[in-house]
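Note sheet for the following structure.
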């Protein structure tokens, strides 16, 4: 870096031609701006998403740990990530309930990934995935279901969504368990 005098008598550093802060042209005392421009814009990687819902795009609401969200209707949210507790009604694309997360209420979803707890009315238009730590109870409707060993599904369970509903065999008292 080269040093030059400033208006107040102090020293100011100016970029050298080979400096990473160089704009490609030399700064002279007659230049109007001494703020260097970045030569290469920095791109940030996409945020980490779960393996089954990769390439998410759109709005995302994250309810963090120790947060309680109660008495709301969640709309226009592509992805809801529940790490705390939520009591709500929602119609969305994806819900991801973390291991310590809990959702109580009603939800109409395309894809549900449950590591924590869901209690209420759940309609999953495409795929419901219950992991080994997941517990889903209430009135459940789904297109496809995957239950990891240890995952629990209890309540009124129906295969298919609104139009084509076929009763499933899960009882309202004993949890259904499947090995993936």
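Values in this text are rule-based calculations from the coordinates and carry no lab data. Being a predicted model, the structure only gives us computed values, none of them experimental. Here the Cβ is made from the backbone with ideal geometry for all residues, glycine too, and neighbour counts use every protein chain on show.
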Legend entry - Potential extension, residue 106-residue 132 segment - 0.36 nm per residue separation minus Cα distance: 7.1 nm
Inset, instruction - Consider just the alpha-carbon atoms of the stretch 56-167 and return their Rg together with their Dmax, both in angstrom. - result: 12.7, 39
Legend entry - Over the stretch 56-167, relative contact order from alpha-carbon pairs under 8 Å, at least 6 apart, %: 15
Inset, instruction - Could you rank the peptides 73-81, 60-68, 90-98, 125-133 by their average count of other C-beta atoms within 10 Å per residue, with the highest value first? - result: 90-98, 125-133, 73-81, 60-68
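I'm a student and want to see the number: the projected area of the Cα convex hull of the stretch 64-116, averaged over all directions, in nm². Intermediate values should be presented prior to the final figure.
Values: hull surface 11.8 nm².
Over all viewing directions, the stretch 64-116 projects a mean Cα-hull area of 2.9 nm².
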Legend entry - Spin-label pair residue 149/residue 77, simplified geometry with 7 Å Cα→Cβ offset, distance in nm: 3.4
